[in-house]
Amino acid sequence: ANKREELGKKNKKLRAAGLIPAVVYGSKFTPLAVALNQKEFTKKVLQSDAGHNLIFKLKIIVDGKTEMVPVITQDIQRNPLGQAILHLDFLHISMDEAIKAKVQVELLGLPIGVKDSGGVLVHGLREIEIKCLPDNIPDKFEIDVSELIINTGLHVSDLKIGKEIEVLSDPGEMIANVSPPTKEEVVVAAPVLAEGVPVVGATAAAPAGDGKDKAAPVAAAADKGAPAAKGGEAKKK
């Protein structure tokens, strides 16, 4: 990395030339603006096993003088549209001083609840924040979820981590959970009486007919004691 004089909007020229603007800082290091090769950083750091948690020595050239500075990538600012790296923050570290870091979570295995019961594995927390000495930062947390059944899960508090690592993430944060399988709910329309009033709990089929007077059968059933029509009396006689 070379010390850079370009700041603000002038950084566009650096990016166009394949360089990334960055800053190096730390409790025992005076902040310094630098620029470094994007392809080299991506290949040697981001594509390593440790990824952004890789501890490496940054070769900084200032006024012709070279200094090897141990750093870790503290922050990566990306373009939300193309994911291109816009800016980097490097934290100068001392191997005897604890630092904060975010470690990626990787789920291993196929849960019983998914395999045997058709459940759905939900991956919650993707990174866990920790604090420890630089040498103790793990590349990632591998978590076995194969024993999970329906409606069970794992939380940050379930992690088995040595005393040399302090977990900063909320212990109650969910890492993985197996949810019940989803079912399609079929909604059946209720029969409708006159004036658009639905029949609550009705199960019988509608009476045969031309459908012109749907209220008539219900009215007749409700008024059994009513006198018969004239036509009915003539029929009796």
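So here's what we get for this one:
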{"item": "Residue among T42, T30, T66 that alone is under 27 Å from V105 (Cβ atoms), out of contact with any Ser or Thr (no Cβ under 7 Å at 6 or more places or on another chain) and not aliphatic (A, V, I, L, M)", "result": "T42"}
{"item": "Contacts under 7 angstrom Cβ, first residue in the range 9-24 being farther than 30 Å from S94 by Cβ, partner at pLDDT 85 or above and part of a helix (DSSP H, G or I), 6 or more apart", "result": "G18/Q38; G18/K39"}
{"item": "Filtered residues of the range 46-65 (kept if more than 25 Å from the chain's Cα centre (by Cα) and not in a strand (DSSP E or B))", "result": "D63, G64"}
{"item": "Qualifying positions in the range 43-61 - surrounded by fewer than 16 Cβ atoms within 10 Å (Cβ to Cβ), at pLDDT 90 or above and out of contact with any helix residue (DSSP H, G or I) (no Cβ under 7 Å at 6 or more places or on another chain)", "result": "K43, K44, Q47, S48, K57, K59, I61"}
{"item": "Tabulated pairs, the range 138-150, first in contact (Cβ under 8 Å) with a residue 24 or more places away in the chain and under 9 Å from N177 (Cα atoms), second open to solvent by 30 Å² or more (accessible area, probe 1.4 Å) and of a type in the set (S, T, Y), C-beta under 7 angstrom, 6+ apart or interchain", "result": "I150/S117"}
{"item": "Hits in the range 1-42 - residues which are assigned to a strand (DSSP E or B), surrounded by 15 or more Cβ atoms within 10 Å (Cβ to Cβ) and more than 32 Å from the chain's Cα centre (by Cα)", "result": "F29, L32, A33, V34, A35"}
{"item": "Test result for M95, open to solvent by 50 Å² or more (accessible area, probe 1.4 Å), not hydroxyl-bearing (S, T, Y) and not in a loop (DSSP other than H, G, I, E, B)", "result": "no"}
{"item": "Selection count where residues are of a type in the set (A, V, I, L, M), touching a residue at least 12 places away in the same chain (Cβ under 8 Å) and either outside any strand (DSSP E or B) or crowded, with 18+ Cβ neighbours inside 10 Å (or both), scope the range 68-83", "result": "3"}
{"item": "Sole exception among (1) in contact with an Asp or Glu (Cβ under 7 Å, 6 or more places away or on another chain); (2) over 21 Å from Q47 (Cα atoms) for E142, by number", "result": "(2)"}
{"item": "Selection within the range 152-177 - charged (D, E, K, R) and either assigned to a loop (DSSP other than H, G, I, E, B) or without any contact (Cβ under 8 Å) to a residue 12 or more places away in the chain (or both)", "result": "K160, K163, E164, D170, E173"}
{"item": "Residues (open to solvent by 30 Å² or more (accessible area, probe 1.4 Å), out of contact with any Asp or Glu (no Cβ under 8 Å at 6 or more places or on another chain), without any contact (Cβ under 8 Å) to a residue 60 or more places away in the chain and not in a helix (DSSP H, G or I)) located in the range 99-137", "result": "L110, D116, L121, V122, H123, R126, E127, E129"}
{"item": "Tally, over the range 87-136, of residues that are closer than 20 Å to S169 by Cβ and of a type in the set (D, E)", "result": "3"}
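The values are calculated or read from the model by the stated rules, or taken from the named source; none is laboratory data. Everything numeric here is computed off the predicted structure, so don't read it as measured data. Cβ atoms come from the backbone with ideal geometry, glycine included; neighbour counts cover every protein chain shown. These accessible areas exclude ligands, DNA and RNA; they are computed on the full protein's heavy atoms, side chains included. Shrake-Rupley method; radii C 1.70, N 1.55, O 1.52, S 1.80 Å.
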